[in-house]
Each structure stands twice: as C-alpha cells, then as structure tokens.
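Here the structure comes first, spelled out in structure tokens, and everything after it is commentary.
What follows is calculated from the coordinates using simple rules that are stated; it is not laboratory data. Note that the structure is a prediction, hence the values are computed from the model and not measured. Methodologically, a virtual Cβ is constructed for each residue, glycine included, from the backbone with ideal geometry; neighbour enumeration extends over all protein chains shown.
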Amino acid sequence: MCPGAVWPRLSLVSERGLTHTDPLGRARMVDVTPKEATHRRAMARCRVHMQPETTSKVASNAITKGDVLAVSRVAGIQAAKQAAQLIPLCHPLLVGAVTINFTIGDDYVEVETQVETVDRTGVEMEALTACAVAALTIYDMCKSFDRAMEIGELALWEKTGGRTGHWRREGAPLLNSVPTEVGRALPIEEEIDTLIGGANSGLES
C-alpha cells in the first residue's frame, strides 16, 4: 500500500448479516437452543458422469470391486450421520431416516438423497453430505474401469420445516417421490438390515 494511503473501513461482520460469525468476524456456532424441535426433511441430488460402458457394468452388477449401488447406499447413510464431524459449524442432530436412490442414465448415475429428523435445525447439510459421499463411493468402486468419471451438479433440491418453511428448486420432483420399490424413507437401522438381509439371502441361494 502506498505511503499515506488510508485503509478502507471494514464494516463489522454483524452489519453484513452473517450468522456464523460474531461481530469481530470470529467463527461461532449459531445458538439453536431456544428453538422448538420440529419435523424437517431435505433432498439433495448429484450425478456421476461416466462412459456408457461403465453405466452398463454398474447396472448389471459387473464391476469387479462389488455391488456399486449397495456399497454407495450404505456409504451415504453413514455420511449423513457424520456431517457435523466434517463441517465445522454444522450442528450435531438426530438423523431419523435416510433414503438414497439411484437413477442410471446412458452416461451417468444420478444420486438422490432424502434425510429426515425431528430437531431444532435442518438436515440440508446431512442430505448434501450423504449425496456427495455416495457419489464418491461410486467413483471409488468404478475407478479401475473408468478414471475419467466426473462428479457434478451437487445441489439441494428441496427442504421442509423450520423457520423458513418449505423451499423447492424449480423443476424438482416432490419430496419423497421415490421409486415404488423403496416406498418411504427407512429408519437407518432398518435400511442397513434390509441391505444385509438381501446380501445374506443371495449367499444362501
């Protein structure tokens, strides 16, 4: 800076309306203790873009590392419960249910996650974290066959509950509009038991 120049005045962070910093700009966790616990849901989506040959192998369960979608589903469920450990100012909360669905296109696999809770803050970050980790797991499972895969379009598509109420991205499907074979958001333990039970029945046959 040139001699004699005057530094511009820096306004207090609170003047800019940021909730995760104090007036001096230091990080803080928002106080949610005065809030009432309410039912909240969030849905997120992303896509893993890949070669058409890769999607065919995923669809036919021909990836040598294992069942790509089953492993990615469990990874996403685990990730939803760990969001507060990964994101510094994200509140720990009780994740009540997680649903993870996949849509296989010609050259992509789309991941859709839905998370529910009854708590004082929303589950947007849990849904986004689950979506991202499920997509990363797809990449990990398929990378030996297709290292050029790309993960993109990660976004919140819908949320309900809380002070701001209902929000839905334009063009988003209705929350909980999941494939008929899934039907509803399963509690985490039931979801994992279903996966394990399915794997065991395959071994027995």
Candidate lysines for bridging to LYS57, where Cα separation is under 26 Å - those fewer than 8 sequence places away on the same chain excluded: LYS65, LYS143
Overall Cα dimensions of the range 36-192, principal axis frame, Å, largest first: 49, 31, 28
14 Å cut-off, amide nitrogen to a point 7 angstrom out along THR64 Cα→Cβ, residues in the range 130-169: 141-147
P(r) histogram, all alpha-carbon pairs of the range 35-91 included - 10 Å bins from 0, percent: 17, 36, 27, 16, 5, 0
Karplus 3J(HN,Hα) series, Hz, for the range 126-135 with 6.51 cos²θ - 1.76 cosθ + 1.60 (x for Gly, Pro): 5, 5, 5, 5, 4, 5, 5, 6, 4, 5
